[in-house]
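Peer 1: Got a structure here, written out as C-alpha cells. Questions coming.
Every number here is computed from the coordinates shown, using simple stated rules; none is lab data. All values reported here derive from a predicted model rather than from experimental measurement. As a convention, Cβ positions derive from the backbone with ideal geometry for all residues, glycine included, and neighbour counts pool all protein chains shown.
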Amino acid sequence: MNVILGAGMAGMGAFYRDNSFEVFEMEDQAGGLCGRFFARSDDNRTFYFDKAVHLSFTEDPIVKEVFSKVQQNIYNPVPHSWFKNMWIQHPAQNNLFPMTVEFKVNALKDFIGRNQKDEPQNFKEWLLFQYGKYLYDELFEPYNKKYWCTDLEKMDTCWVGNRFYRPNIDEILYGSYTDKTPNTYYAKEMRYPQKGGYRRYIDSIINEAENADKIHYGFKVKNINLLDKTINFTSGQQIKFDKVMSSIPLPTLIKSIENAPADILKNSESLAYTSIALVSFGFKRIIDCKDIWFYIYDTDILAARAYLPSLKSSENAPEGCSSIQFEIYRSNSSEPFDSEKCIRNSIYALKKMKLADESDIIARNFRTVKYGNIIFHKDTRQKADSIIKWLETNGIYPIGRFGKWDYLWSDQAFFSGYQLAGIR
C-alpha cells in the first residue's frame, strides 16, 4: 500500500497528482495548518476563522489552476503596521513619513553609514547589513523577537528570500517626505475563497476526486515499524506500507519510529519551532479597519500579527458584524501559553488601536497550534537534511512545511506533495 500521512496542503497536493494513495489524517477533517473553525455568540451567531492568516498569491501555473476551480475574492493588498502607537504603511522602512524628524534623521543616518563590507553571518547581521542599527533597534529586532522567539544572532538566513523589502536610499528618502508611496509588498494580488474559508481549496480537491473514499480521518500515528513496514494508529488499527509520503512534523515523526538511530533522534529533538496562540473575536458591529491583515511592532502587545476574517469573505461573519484574530508566538522551548493573559492582552490591543471595546465582543475563541513556523538556527538545515535523507532510504518521503522542515508557503507546500507524487 502506498500511503500519505496528513491531509493538509502537501498531502492533498500529492493526492491530487495520484489519488491511488491511501490518505490517513489524524483530525476529523482535512486542512492541517490551513484548517478552519468557528466561534458562536450567545445568540447563536457564527463567526468563521482560519488557523492564522492565509491568502493565496501563488504564481505557480499548476497550483493556480487547481485553486482557480474555487470562486475567489481578489485583493490588491496595501498592509499597515501598528508602530509607536500609530498606523504606518508596510513595509515601514520605506514608509517613515508619520515618524518624528528625529526618528527619520537617525534612521537615514544609520542606513547610509551601515556596514556593507562584511558579509552577514546570521540573521541579526543580515538585518543590520540591510537597514542599519537604528532601524534594527527600533523596528526589526523587537518585531522579529516577537515572531521568532529566539536570539536573532543564532538564526540562519536561508529562509529569507523575498520576505523583506530592501529599499535603496531614494525610496527611504521619498517615503520620509510623503505617504503617497508605491506598494512594495512582495505580492501585488491575493486571493481567498468566497465561501468555505482557506480550506475550501483543499475541499475542492476532495470533492472532485474519484477516490475520495481513500481519505481516512481520525487516524493518528502511534508508531511505525520500518522492518515490518507497518504503521500502527492510536485507534488500534494497523496497515502495511510500501512507500509513505509524510507531512507529519519531523520531531513527531521520528519519535514515532521504532528503533530510530540515536543521532537521528537527537537531531530531530533539537529542531526548533514556534507554536501559535490564536485569539479570535467576533464583534457585534463592523470595526473601523480596512486592512485584511496587519503587523504589530509595539512590544506591549503580545501579538505579532492580526487579520480580519470578515474582510476576507462576507461568509466569515454575520451581516453587520466583523471579526479579528491575533497571532501570538512562543518557541517550543518556552513556557506554555497563558490563555487568560493572551486574551486580556488582545483586548488591550483592540482598545489601544481604537478598533473595538470589550463590550463589542460577542464571540471569542482561544486555541493553540503546536507547529507554527520553523526556527532556522545555524545548523537547522544540516540536521533536517540528515533526517530526511535517512527517512528516504527507508521508504518515507517527507513533504510540506514540517515534513521538509522548510519555510514553505501554502502553494509551495501543495507543490512539494504534487511534485513528489509524480516521481515516486
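Peer 1: Mind sorting S235, S322 by how few other Cβ atoms lie within 10 Å of their own Cβ, fewest first?
Peer 2: Least crowded to most crowded, the residues run S235, S322.
Peer 1: Under a crude label model (7 Å from the Cα following the beta-carbon direction), how far is A209 from Q382 in nanometres?
Peer 2: Spacing of the two 7 Å Cα→Cβ label points: 3.9 nm.
Peer 1: Just I347, I112, I206 to compare: in a GNM of the chain, with alpha carbon springs under 10 Å, which one fluctuates most?
Peer 2: Residue with maximal mean-square fluctuation among I347, I112, I206: I112.
Peer 1: Which whole-number percent gives the relative contact order of segment 147-259, counting Cα pairs below 8 Å spaced six or more residues apart?
Peer 2: Worked out over segment 147-259, it gives 14 percent.
Peer 1: Any chance you could check the Cα centroid distance between segment 300-378 and segment 23-57 for me, in angstrom?
Peer 2: 14 Å
Peer 1: Among S333, S56, S346, which one shows the highest mean-square fluctuation when the chain is modelled as a Gaussian network with alpha-carbon springs under 10 Å?
Peer 2: Per the Cα network of the chain with a 10 Å cutoff, S333 tops the list.
Peer 1: Helix 101-112 versus the longest principal axis of the chain: what is the Cα-based angle in degrees, 0 to 90, to the nearest 10?
Peer 2: Orientation of helix 101-112: about 60 degrees from the principal axis.
Peer 1: Suppose we keep just the DSSP beta bridges with both residues in the chain; what percent of those would be antiparallel, to 5?
Peer 2: 75 percent
Peer 1: OK, next. Provide the packing ranking of 116-123, 312-319, i.e. peptides ordered by the mean count of other C-beta atoms within 10 Å per residue, highest first.
Peer 2: Order by mean packing, descending: 312-319, 116-123.
Peer 1: If you fit an axis through the alpha-carbon atoms of helix 410-421 and take the longest principal axis of the Cα set of the chain, what angle between them do you get, 0 to 90°, nearest 10?
Peer 2: In the chain, helix 410-421 runs at an angle near 30 degrees to the longest axis.
Peer 1: What order do you get for 66-74, 398-406 when each peptide is scored by the mean count of other beta carbon atoms within 10 Å, highest first?
Peer 2: Highest to lowest by the protection proxy: 398-406, 66-74.
Peer 1: Still on this model: Select from N225, N345, N44 the residue whose mean-square fluctuation is largest in a Gaussian network model of the chain (Cα-Cα springs shorter than 10 Å).
Peer 2: N44
Peer 1: Going by how many other Cβ atoms sit within 10 Å of their own, how do Y371, Y131 line up, fewest first?
Peer 2: The order, fewest Cβ neighbours first, is Y371, Y131.
Peer 1: Under a Cβ-only charge scheme (Lys and Arg +1, Asp and Glu -1), can you give me the dipole magnitude of the chain about the Cα centre, in debye to the nearest 20?
Peer 2: For the chain, the charge dipole is close to 180 debye.
Peer 1: Using only Cα atoms, locate the centre of segment 393-410 and the centre of segment 63-120, then give the distance between them in Å, rounded to an integer.
Peer 2: Using only Cα atoms to place each centre, the spacing works out to 30 Å.
Peer 1: Would you mind putting 26-33, 291-298 in packing order, based on average other-beta-carbon counts within 10 Å, highest first?
Peer 2: 291-298, 26-33
Peer 1: Give the angle, between 0 and 90 degrees and rounded to the nearest 10, that separates the Cα long axis of helix 339-352 from the longest principal axis of the Cα atoms of the chain.
Peer 2: 30 degrees
Peer 1: Would you calculate, for the chain, the mean residue ellipticity at 222 nm contributed by helices, counting each DSSP H stretch of 4 or more residues as -39,500 (n - 2.57) and dividing by all residues, to the nearest 500?
Peer 2: Taking each H run of at least 4 residues, the total per residue is -8500 deg cm²/dmol.
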